[in-house]
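Since every read-out is calculated from the coordinates, none of them should be taken as a lab result. Everything quoted here is computed from the prediction, not taken from an experiment. So basically every Cβ, Gly included, is an ideal-geometry build from the backbone, and we count neighbours across all protein chains shown.
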Amino acid sequence: MNNTNGKVTTRLRTHQSQVGSAPAYEYDTPPPFDNVALDQWEMARKLWTQTPPGYKKQHKRPVLSVDITYEELLMTNKPFAQTVSLQEMVDFLVDCWEQEGLYD
């Protein structure tokens with residue numbers, strides 16, 4: 001494949017595979033694909049996910065009581081006093097499921 005003046009062309013070669021038969025066509029091997037957009041996206045993502053200099057993660061106290069049960073959590077329709085982080089809720093549910101033998 002050639003790229004001249006913004007146009008992409010493919011070189012086509014013919015050869016006789018057998019005497020008297022129609023020509024068989026072969027294309028030159030294309031150059032390796034370079035996904036420029038993916039490279040740019042990965043660089044941008046690296047910038048988005050970097051921890052800013054001087055950043056210190058704040059440790060929050062758990063919102064859920066250590067002695068709350070699965071049933072107590074499900075039986076109430078009252079909102080929590082504070083938001084419960086996803087990590088804390090997942091940890092709580094996995095602990096409950098492990099105790100009931102539902103999660104290995």
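Worth pointing out:
- Applying a DSSP loop filter and a limit of 13 other Cβ atoms within 10 Å to the trypsin sites (Lys or Arg not before Pro) in the range 24-79 leaves Lys56, Lys57, Lys60.
- Among the chymotrypsin sites (Phe, Trp or Tyr not before Pro) in the range 36-104, those placed in a DSSP loop whose Cβ has at most 12 other Cβ atoms within 10 Å are Tyr55, Phe80, Tyr103.
- Modelled label positions at Lys57 and Thr83, each set 7 Å beyond Cα in the direction of Cβ, lie 1.7 nm from each other.
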